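A.B. asks: Quick one: the structure is below, questions incoming.
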């Protein structure tokens with residue numbers, strides 16, 4: 001699943017800043033996460049021609065950041 005954080009929705013429209021995406025991968029075999037993560041990162045950066053940050057929600061330890069993410073995310077793609 002890929003979600004776009006709210007402040008980045010406007011950035012995409014105006015094409016003015018880097019992009020931050022929340023990503024959740026379906027369960028993968030050991031060793032497949034790096035290929036999935038970096039493959040997706042490269043594909044999105046190529047698509048938008050700008051720097052992209054991919055954030056996995058389960059890796060976020062700052063509760064305030066997680067609350068901000070949860071209050072402003074929007075699903076872009078779910079498989």
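A.B. asks: Could you check the spin-label model distance between residue 34 and residue 54? Points 7 Å from the Cα along Cα→Cβ, value in nm.
C.D. replies: Taking the two extended label points, one gets 1.3 nm.
A.B. asks: Give, as ranges by residue number, the residues of region 28-62 whose backbone N falls under 15 Å from the point 7 Å along Cα→Cβ of residue 76.
C.D. replies: Answer for this model: 37-57.
A.B. asks: Residue 24 label point, 7 Å along Cα→Cβ, cut-off 19 Å on backbone N: hits in region 43-63?
C.D. replies: 54-63
Quick note: the coordinates plus some simple rules give every number you see, no bench work behind them. Here the structure is a predicted model, which is why all the values come from computation and not from measurement. Backbone-built Cβ (ideal geometry, glycine too); neighbour counts: all protein chains shown.
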